[in-house]
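The values are calculated or read from the model by the stated rules, or taken from the named source; none is laboratory data. Nothing here was measured: the structure is a model prediction, and the numbers come from that model. Don't worry about glycine lacking a Cβ; one is built from the backbone with ideal geometry, like all the others, and counts go over all protein chains shown.
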Amino acid sequence: MIINKKITYVEAILSLYPNNGTYENPHELNFYMPDHFDYSTLEWNCDLVKPTEEEVIAERDRLQAEYDSLLYQRQRYHEYPDIREQLDALWHDIHNNTLDNTGNFYNLIKEIKDNHSKQE
């Protein structure tokens, strides 16, 4: 289970060239970077314009901020009950006429959402 990770320069470079190798942009992004966190190890082997270190760092920082902002989702994912258990709770709430914020399903999910709230 990976909850936190560091975005690499390689991921940033791939993000900077999203249409690489597509019909619209048939150029092939060809580079080698043995140390994924050290721009000086970047070997650029294609006809596309090589991104500057500043561009790569800015993109890496943007991707990292986006990734970090979704931590609550990754934490919740591992705590949500199995879908069968959720459906069973829903069925019982429907059967007991408690399909509102007093029901078992609502409180089951609310506890997880409260424990891992979305940061605004």
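Summary table
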{"item": "The stretch 54-65 residues that are within 13 Å of F37 (Cα to Cα) and in contact (Cβ under 8 Å) with a residue 12 or more places away in the chain, paired with ones that are charged (D, E, K, R) and surrounded by 14 or more Cβ atoms within 10 Å (Cβ to Cβ) (beta carbon under 8 Å, 6 or more apart)", "result": "R60/E11"}
{"item": "Checklist (1) at pLDDT 95 or above; (2) in contact with a Phe, Trp or Tyr (Cβ under 6 Å, 6 or more places away or on another chain); (3) within 21 Å of I3 (Cβ to Cβ) applied to E53, failing item", "result": "(3)"}
{"item": "Test: residue in the stretch 18-29 that is at pLDDT below 95 and among the hydrophobic types (A, V, I, L, M, F, W, C)", "result": "yes"}
{"item": "Residue in the stretch 62-77 that is surrounded by 12 or more Cβ atoms within 10 Å (Cβ to Cβ), at pLDDT 95 or above and of a type outside the set (A, V, I, L, M, F, W, C) present", "result": "yes"}
{"item": "Matching residues, the stretch 78-106, being surrounded by 14 or more Cβ atoms within 10 Å (Cβ to Cβ) and either touching a residue at least 24 places away in the same chain (Cβ under 8 Å) or not hydroxyl-bearing (S, T, Y) (or both)", "result": "P81, Q86, D88, A89, L90, H92, D93, L99, G103, N104, F105"}
{"item": "Hits in the stretch 66-112 (condition: farther than 30 Å from N4 by Cβ and not in a helix (DSSP H, G or I))", "result": "N96, N97, T98, L99, D100, N101, T102, G103"}
